[in-house]
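Beneath this line is the structure, given in structure tokens, with notes to follow.
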Amino acid sequence: MNPNLNLWLIPILPLAGAAINGFMGKRSSRRAVTTVALFFSGAAFAMALLVALRFSSLSLPYQEFFAHWIRSGSFSADFAFYLDQLSLIMLLVVTGVGFLIHVYSVGYMWDDPSYYRFFSYLNLFMFFMLTLVLAGNYLLMFIGWEGVGLASYLLIGFWFTKDSAASAGKKAFIVNRIGDFGFLIALFLLIEHFGSLNFDQVFGSVMPLSAETAGAGLLTTIGILLMVGACGKSAQIPLYIWLPDAMEGPTPVSALIHAATMVTAGVYMVSRSHVIFERAPIALTVVAIIGTLTAFFAATIGIAQTDIKKVLAYSTVSQLGYMFMACGVGAFSAGIFHLMTHAFFKGLLFLAAGSVIHAVGGEQDMRKMGGLREKIPWTFWTMTAGTLAIAGIPGLAGFFSKDEILWRAYQASWAYWLVGVVTAFITSFYMFRLWFMTFFGKYRGEDVAHSQGGNSAHDAHGAHGHGGIHESPRVMVIPLVILAVLSVVGGYVGVPGSLGGNNRFDKFLGPVFHGSAPASGQHSGMGEKGAPEQETEGPEPKTAASTELTFTAISVFAALLGLGLAWLLYYKRPELPRKVADSLDGFYEAVVHKYYIDELYAAVFVKPLIDGSTRILWQGVDRNIIDAAVNDAGDGAKHISDRARHMQSGNIRSYAGWVAAGSAVVIAFMIWMGVR
């Protein structure tokens, strides 16, 4: 019999912190706000660790029922939590990385006048994200799904007095609503055809079904609609446009929401729904294609960005594409593996970027940085670890997870693998470009006390000229060091057999993903020659291992090639990038302007929608029809009553005349009708 884990405490703790700081923080000291925020987020992490320690004694999947929620005929949805290997990993990532970012935020946001509000929002986000990953049914997951969207809106637009921040928050909210519409339709179809949204009931009903190999069917439709929702939340083509603009929020927000947790919700949802996708090959192909294209497309945009946070933003979109590529070829465990390592190194990179911005007084343009490695050594070395990890340099976390994805992609289709390798080269290039431009060469910034105005705490802490550049406080450096260590060693839980390991991460997730696929030959994309993934005992065959090693060498070569090109252009010959840009001319400008996708969306969707709303709905329907009908009716009543009012003159002779006239009319009518 399973012990009672009291899972409900894990999300409730940060909710309590959000409520206390939200209602009482304005009247409290910063130290009190800090204590509340860190205690409740840290307690949630401690509870997650306790669950992990007791995990091996559980009968899985472990479920906790709390209360009945909706009852309508045979349909029911309850407040219940669901724990298995997949949700445990997400639980540890959200609470662990989330707590480190809370600690970092103390130093970064200390001088912000709305310090209490920031931590209230941050705790609120953790509550919704934990609800999402622990939910025992799709409806409760959707509550968390919408909640993280709300918290994201509040945090992106935290400095709401800035038009750019307010617009970015609104853009994120609206774009996510588009994706959420697809998610909702998928839920309605699940209710209609399976009568439930509980994971065990839905998956139990789907498992006996064969794969829809003859064409699109119910499961394909549901899978594609779920992917629409994932595209919104996880910033995939065509709904990726909100995430780069979201960099208007404070840097800790970028690290927590747009690198480590919220944007991975779509990957988690698709992985959780793997039983559906495994029986819908067309839906899986859609996932793989969208992920592959997004990975490559976003990486190319990152090449030419000069804002340090924008480079990392497009890098996030690209890395999320890798995760969806893995899911699309049926390698769900590889996708979750990269989700975890990405939380480490991308959370680190965003926080390190925040430390750089903090050091140079709020400047985010890399063209105005340079030569910082001696001024901020802790930031330099930790960011170096993150850069090496995301580039796929052997031995670091990103190498193992990215290599696993590329190998699984090759087993499904060489085209996925080829695009993935090219993307790996581009990723290495733009990340080392960032590294060289920020830390090497001469300092190119202005020698002023505050290089930029703004609302951020780092402006208050800002450097006073070049001589004022200094390392971040310890409360910011410690999370950087911890994440740097995780970025180095975090991948060793998934060392593949070709490198002498046994991929313990894949085996840990085996009970979730393996054994639920349809019969061999019915599902294309699960593995080589259409065979589903299976856990294998013993070492890999020598031929397979040698082939995998060959492809590993190719991906490592791509990463080193990207490093070498960045070294040549931004360290050895820094005058070359301008010459290359001038030679490419129009194409370079297109990349700088992100292929004008925002402008295209504005012209095709936003402007017609606004013009249609203004000219047709407002002026045409509302003003000329609805308002006109109401106003004309009022004017008519006014005129009639005015005429009637003049009949009441107070003149007795006039009244007698009206009585006589009325009598004559009545008599005439009676004669006409023949009344006697």
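Of note:
- Any pair with Cβ under 9 angstrom, 6 or more apart, that starts in the range 164-179 at a residue that is within 11 Å of I241 (Cα to Cα) and ends at one that is of a type in the set (S, T, Y) and not in a helix (DSSP H, G or I): V175/Y240
- Residues satisfying the stated conditions in the range 181-193, i.e. in contact with a helix residue (DSSP H, G or I) (Cβ under 7 Å, 6 or more places away or on another chain) and within 22 Å of L134 (Cβ to Cβ): F183, A186, L187, L190
- Look at (1) closer than 24 Å to L434 by Cβ; (2) crowded, with 24+ Cβ neighbours inside 10 Å; (3) of a type in the set (G, A, S); (4) over 18 Å from the mean Cα position of the chain (by Cα) and you find that A259 fails only one, number (4).
- With respect to (1) assigned to a helix (DSSP H, G or I); (2) modelled with pLDDT under 50; (3) of a type in the set (S, T, Y), the lone exception for S524 is condition (1).
- Any hit, the range 155-169, residues being crowded, with 24+ Cβ neighbours inside 10 Å, under 21 Å from G249 (Cα atoms), modelled with pLDDT under 95 and among the β-branched types (V, I, T): yes
- On the stretch given as the range 60-88, residues that are of a type in the set (A, V, I, L, M), within 22 Å of S333 (Cβ to Cβ) and open to solvent by less than 20 Å² (accessible area, probe 1.4 Å) total 3.
Matching residues to (1) open to solvent by less than 10 Å² (accessible area, probe 1.4 Å); (2) modelled with pLDDT of 95 or more:
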{"position": "M369", "(1), (2)": "yes, no"}
{"position": "L372", "(1), (2)": "yes, no"}
{"position": "G395", "(1), (2)": "no, no"}
{"position": "F425", "(1), (2)": "no, yes"}
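- Some residue of the range 265-284 being open to solvent by less than 10 Å² (accessible area, probe 1.4 Å) and acidic (D, E): yes
- Scanning the range 306-328 for residues being at pLDDT 95 or above and either open to solvent by 10 Å² or more (accessible area, probe 1.4 Å) or not in a helix (DSSP H, G or I) (or both) gives a total of 0.
- Taking the range 575-597 as the range and being open to solvent by less than 80 Å² (accessible area, probe 1.4 Å) and farther than 17 Å from V311 by Cα as the test, the residues that pass are E575, L576, V580, A581, G586.
- Near pairs, Cβ below 6 angstrom, 6+ apart or cross-chain, from the range 284-303 (under 18 Å from G232 (Cβ atoms)) to any residue that is outside any helix (DSSP H, G or I) and open to solvent by 40 Å² or more (accessible area, probe 1.4 Å): I290/I237; L293/I237; T294/I237
- Hey, I222 over 25 Å from G98 (Cβ atoms) and crowded, with 23+ Cβ neighbours inside 10 Å or not: yes
- Any chance F142 is open to solvent by 10 Å² or more (accessible area, probe 1.4 Å), part of a helix (DSSP H, G or I), hydrophobic (A, V, I, L, M, F, W, C) and in contact with a helix residue (DSSP H, G or I) (Cβ under 6 Å, 6 or more places away or on another chain): no
- Options L483, L499; residue that is over 30 Å from V202 (Cβ atoms) and at pLDDT below 90: L499
- Residue match in the range 177-188 (condition: more than 18 Å from M227 (Cα to Cα) and open to solvent by 10 Å² or more (accessible area, probe 1.4 Å)): no
- Single residue of A660, A668, A602, A656 found to be among the small types (G, A, S) and either outside any helix (DSSP H, G or I) or surrounded by 11 or more Cβ atoms within 10 Å (Cβ to Cβ) (or both): A602
- Note on the range 150-163: residues that are in a helix (DSSP H, G or I), in contact (Cβ under 8 Å) with a residue 40 or more places away in the chain and over 17 Å from P244 (Cβ atoms) total 1.
- All positions within the range 25-49 that are without any contact (Cβ under 8 Å) to a residue 60 or more places away in the chain and open to solvent by 50 Å² or more (accessible area, probe 1.4 Å): R27, S29, R31, T35, F39, F45, A46, L49
The values are calculated or read from the model by the stated rules, or taken from the named source; none is laboratory data. On a predicted model such as this, the values are computed, not experimentally measured, just so you know. Here Cβ is always computed from backbone atoms with ideal geometry, including for glycine, and neighbour counts include all displayed protein chains. Protein only, heavy atoms only, side chains kept; ligands, DNA and RNA dropped before computing areas. Shrake-Rupley method; radii C 1.70, N 1.55, O 1.52, S 1.80 Å.
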